[in-house]
Every structure is written in structure tokens, then in C-alpha cells.
Amino acid sequence: MNREWNVNEIRKDFPIFQSREIIYLDNSATSQKPYQVLDAVTDFYRNYNANPLRGLYDLAQAATEKYESAREKVCRFIHAESADEIIFTRNATESLNLVAYSYGGMVLKPGDEILVSIMEHHSDMLPWRQVAEKTGAVVKYLECDRQGKITEEDLKNAITEHTRIVAVTQVSNVLGVKNDIRAFAKICHEKGAVLVADGAQSVPHMPVDVQDLDVDFLAFSGHKMLGPMGVGVLYGKKEHLKKMPPFLTGGEMIESVSRDGAVFAQPPYKFEAGTVNAGGAAGLAAAIDYLENIGFEQIQKQENLLTEILMEEIKKIPFVHVLGSENPLDHHGIVTFTLDGVHPHDVAAILDADHIAVRAGHHCAQPLMQQMGVMASTRASVMFYNTEEEVEKFILSLKEIRRKMGYAE
């Protein structure tokens, strides 16, 4: 850790905690942004605002350097082999759609199988269904148990000689459970399949080394890791990216265009059509600096502590039931629950009256919710800037919900 840890000092970096009375426990949806990130975005537009990759004048060159230095920073952050394997997108959803339509559309044929885990966010499920319809491939599901676990044996039993693509999240946005991507990738490669991982809930909270994992593709969003909205990343092995057709066409993703055809640029530029979000990339680079300055060891220590307190206190409330594992370390900062006799939307509304922000609904994972036997739930998700006092206030408010709804306790 490069910065002495004091959560109350850390919170001073986040303007929203000074401007609003809020206990923010919806970090799985998006994280709050520190001044350092906001300043980096503003600095780009104040001092470097030109269209990157295009102009030959000094300002455009400076903008290009800012943009490309952000790509290099992301490359180092996830330990990619080359910055050419880092594609900037709008978010993880766009990254996953890019893989599905470009790589999937290129390799899939009738009868091929796409194996998708049942716990996937809709963003890593619906694109595969769409591509399957277009190519004649078949989507099959990799089931998890009631704890949210998928074992290596489960994958071995589900994968077949017809499986071409396996899509699985590294950390579930509902249950918080972490999948063994390295072991899964080995199984996939032995069967001739590629592994596409959704890293939206993992990259902000733990070290991720794509070469060590040997994952073929990894998608994540900037806004969940302190960065601005509107910038995301797709990592892809160079061997795949070189073969893939572009996802979008237009400005700056070409080498040349004639009346009769076009020669596309090499990766990553082939996949970055149009004016890029250079300000967002600068903000993402600043977010990476911020996370690295704190260090994942301290980040995980704080988030595990808060999760353990959440879980232990919820267990004492007889009418609240946590989805997934009973072990706090399996939740990676995500605690999703139901409350007897009260709809999750009402739970969220009552908590909001106490200035506590949580997420309620199906969390864009309806098939998983159906497998868990619930239509909706409430999710509290922590970040390193949350405090023990905030968790304690959340628990006190949670205990009062049924009484406020008119139940006699």
C-alpha cells in the first residue's frame, strides 16, 4: 500500500460525500468518483481537447499521447501482453457485444454451442442469444448450485466437442461468488473453446492478470472502478483480434477506403470507430492510479471486513435471508437478500428515506433469480470508502422495515 490507510481521510477525496447526506451501498451498479478522476477529465478538456489519432498539429498530438498513455496504463493494470490488446469501448456491455458479434459471428456455424453460465448479467447473455439466432448456433446454460458455485467438474460435464465459446463472469453481480477463471480457461482450451469473462465486478476490487488467467477475452467498465461513465475496456488475445472483423465501421478504424472496398486498421484501432472518449480514458487512467495508490490488499481488507459485519448482523435478523453462500468471503462485497413480507422495492424506498442507497429488483440477472426461487431481491454492495458506521446504520434501518410496514414484531 502506497498510501496510509484512513477511511475517513479517503472519503474526503469524494465530493459526493461532502455534498449529500448519503450512505451509498450501490457500488456494484456504479462507484463514486474521487476529485483525482474528475480533475483528470476536466484537465483533458481544458488543456488537451483535440480529436486524438487524427490531427498532425501539436494539440492533436498531445491528445493522442494522453489517450494512448491511458491504453498503456490499462495494459499494465491487467497485465496484458501488449497495449494492442486493449480496446476502449463505452462500457462492459458494449465490450461483450463486440466479442459476440465480431468473434462469435466469425466462428459460429449451425450446431455449434455457446455455453453461458446461468449467473450472467443480461449483458453477457442476450448478445449470445442474438448471435446464436443469426448463426444457427445453440445457447446452453452452465448451472450453479444454491450457493452460486460452479465447479470444474460442472464445466467438464457441460462442455462438449461442439462448444465453441464459454461465457462466464469472474464475480457474480448478484451473489458475489468468484469463479475460477484460470481453471475454467484450461478446460475450455483443452476442448478447443474460448473463454469470455465478464470482469465488471472483479477488476475494481481485486488484482486481475489476464495472462495468468489465460482468458481469451475480458470485459469491464470504468464507472464501476472510480472512473467516469461512458468508457469501458475489452481485452482480447492478439491472435483473436487480428482475425476478427470490425464491430462498427466509420472514421479512424480504416487504413484506406476506395469506391469498391476498404482496408481496415490493425487492432485495437479496427474496433474504435469514430471520435473516441479520450476524456473518459484520461479519467480511467486516473482511477487506476487511485486504486493502485491505495492497493488491492487494503481494498480487499476493508471490503471483506464490511461484508463480514453485514453478514453477521443480517444473520441475527430472522426475517432477512441472504442469497448464496453463508461465508462472507464468498460474497466479495455483495450481499443480496430478501425480507419476509416486504417487496424489495419497498425495502429500497424505506432505506432511501434514511438516506441509504441500495439496489432492488432482478439486478439484470433474471435467469439466476429464477433459479434462486425469487423474482426480486435487495442488494447492498460495498466499496473500500464505506465505513463500519455506515454498515451499522444500514442494519439498524433494516431491522425497522417490517415495523414501518405495519407488521407486529
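The values are calculated or read from the model by the stated rules, or taken from the named source; none is laboratory data. From a predicted model like this one, the values you see are computed outputs, not experimental measurements. Quick reminder, even Gly has a Cβ in these numbers, built from the backbone with ideal geometry, and neighbours come from all protein chains shown.
Just to verify a result, which residue in segment 224-273, among those that are of a type in the set (Lys, Arg) and more than 30 Å from PHE384 (Cβ to Cβ), is surrounded by the most Cβ atoms within 10 Å (Cβ to Cβ)? In this case the residue turns out to be LYS270. Got at least one residue in segment 82-92 being assigned to a helix (DSSP H, G or I), in contact with an Asp or Glu (Cβ under 9 Å, 6 or more places away or on another chain) and among the hydroxyl-bearing types (Ser, Thr, Tyr)? Among the residues of segment 82-92, not one is assigned to a helix (DSSP H, G or I), in contact with an Asp or Glu (Cβ under 9 Å, 6 or more places away or on another chain) and among the hydroxyl-bearing types (Ser, Thr, Tyr), which makes the answer no.
Do you know which of the residues in segment 72-91 that are under 17 Å from the mean Cα position of the chain (by Cα) and under 21 Å from THR275 (Cβ atoms) is surrounded by the fewest Cβ atoms within 10 Å (Cβ to Cβ)? Applying the filter and picking the extreme gives ARG90.
Here HIS321 fits the description: farther than 16 Å from ASN27 by Cβ, part of a strand (DSSP E or B) and not hydroxyl-bearing (Ser, Thr, Tyr).
Taken over segment 351-409, the criterion of being out of contact with any Lys or Arg (no Cβ under 9 Å at 6 or more places or on another chain), among the hydroxyl-bearing types (Ser, Thr, Tyr) and without any contact (Cβ under 8 Å) to a residue 60 or more places away in the chain is satisfied by SER397 alone.
Scanning segment 396-409 for residues that are assigned to a helix (DSSP H, G or I) and more than 20 Å from HIS345 (Cβ to Cβ) yields one hit, LEU396.
Which one of LEU305, LEU291, LEU310 is over 20 Å from the mean Cα position of the chain (by Cα) and more than 24 Å from MET369 (Cβ to Cβ)? Just a single option satisfies the conditions, and that option is LEU305.
Can you tell me which residue among GLY104, GLY136, GLY148 is on the phi > 0 side of the Ramachandran plot, surrounded by 23 or more Cβ atoms within 10 Å (Cβ to Cβ) and not aromatic (Phe, Trp, Tyr)?
Working: GLY104 fails: on the phi > 0 side of the Ramachandran plot; GLY136 fails: surrounded by 23 or more Cβ atoms within 10 Å (Cβ to Cβ).
Answer to the selection: GLY148.
Check whether at least one residue in segment 278-296 is part of a helix (DSSP H, G or I), modelled with pLDDT under 95 and assigned by TED's automatic domain parsing to the domain that holds GLY199, and report yes or no. Outline the logic, then answer.
In the first step, residues of segment 278-296 are kept if they are part of a helix (DSSP H, G or I); the result is 278-294, 296.
Right, trim to modelled with pLDDT under 95 and you get none.
For segment 278-296, residues part of a helix (DSSP H, G or I), modelled with pLDDT under 95 and assigned by TED's automatic domain parsing to the domain that holds GLY199: absent.
For segment 188-268, the strands (runs of 3 or more DSSP E) that sit wholly inside it and include 1 or more residues that are outside the structural domain of ASN304 (by TED's automatic domain parsing), in contact (Cβ under 8 Å) with a residue 60 or more places away in the chain and under 12 Å from the mean Cα position of the chain (by Cα) are 194-198, 217-221, 232-236. Scanning segment 357-384 for residues that are among the small types (Gly, Ala, Ser) and closer than 30 Å to ASN6 by Cβ yields ALA357, ALA380, SER381. Within segment 63-71, identify whether any single residue is within 20 Å of the chain's Cα centre (by Cα) and within 20 Å of ALA282 (Cβ to Cβ), and answer yes or no. Checked against the condition, which is being within 20 Å of the chain's Cα centre (by Cα) and within 20 Å of ALA282 (Cβ to Cβ), segment 63-71 yields at least one hit. Within segment 330-359, the set of residues being within 19 Å of the chain's Cα centre (by Cα), over 21 Å from MET125 (Cβ atoms) and either surrounded by fewer than 21 Cβ atoms within 10 Å (Cβ to Cβ) or of a type in the set (Lys, Arg) (or both) comprises just one member, ASP330.
Give the residues of segment 50-76 that are in contact (Cβ under 8 Å) with a residue 24 or more places away in the chain and either assigned to a loop (DSSP other than H, G, I, E, B) or more than 23 Å from MET244 (Cβ to Cβ) (or both), sorted by residue number. Once the filter is applied, which keeps residues that are in contact (Cβ under 8 Å) with a residue 24 or more places away in the chain and either assigned to a loop (DSSP other than H, G, I, E, B) or more than 23 Å from MET244 (Cβ to Cβ) (or both), segment 50-76 yields ASN51, PRO52, LEU53, ARG54, ALA63, LYS66, SER69, LYS73.
Among residues belonging to segment 216-240 that are aliphatic (A, V, I, L, M) and touching a Lys or Arg at 6+ places or on another chain (Cβ under 8 Å), point out the one that is farthest from TYR35 (Cα to Cα). Before the answer, list the steps.
Here is the first cut: in segment 216-240, the residues aliphatic (A, V, I, L, M) are 218-219, 225-226, 229, 231, 233-234.
When the remaining residues are screened for being touching a Lys or Arg at 6+ places or on another chain (Cβ under 8 Å), the result is 226, 231.
Working: LEU226: 10, VAL231: 18 Å.
The qualifying residue farthest from TYR35 (Cα to Cα) is VAL231.
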